[in-house]
Amino acid sequence: VTAKSPATEAQGDQPAKPETVTASHILVKTEQPQTPQTVPAAEEVEEQLKQQKSREAVMQYIDGLKAQAKIETVFKEMQL
């Protein structure tokens, strides 16, 4: 926002004016042109979300098993 003028009430034969805002946009020129990216189809996004949710569930299951297990190792430096 570069400038703002307050609203004014109606006076005599002058109508009321709403608050106005002036904004400017800054464009930045880059050396490398950007290639447009295509939006994936809804089915692709849905499949990716299902895979992510499945991976998270498997990792949570494995972490639960590790927490319940009593794991001993002869190597002190090795952490599980």
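Observations
- Cβ pairs under 9 Å, 6+ apart, first in region 14-36 and closer than 24 Å to Thr2 by Cα, second of a type in the set (Lys, Arg): Glu19/Lys4; Thr20/Lys4; Val21/Lys4; Thr22/Lys4
- Looking across Gly64, Gly12, one residue alone is on the phi > 0 side of the Ramachandran plot and either open to solvent by less than 100 Å² (accessible area, probe 1.4 Å) or at pLDDT 85 or above (or both). It is Gly12.
The values are calculated or read from the model by the stated rules, or taken from the named source; none is laboratory data. All values reported here derive from a predicted model rather than from experimental measurement. Ideal geometry is used to build each Cβ from the backbone, glycine not excepted, and the neighbour counts take in all protein chains shown. Note: areas computed on protein heavy atoms with side chains; ligands, DNA, RNA excluded. Shrake-Rupley method; radii C 1.70, N 1.55, O 1.52, S 1.80 Å.
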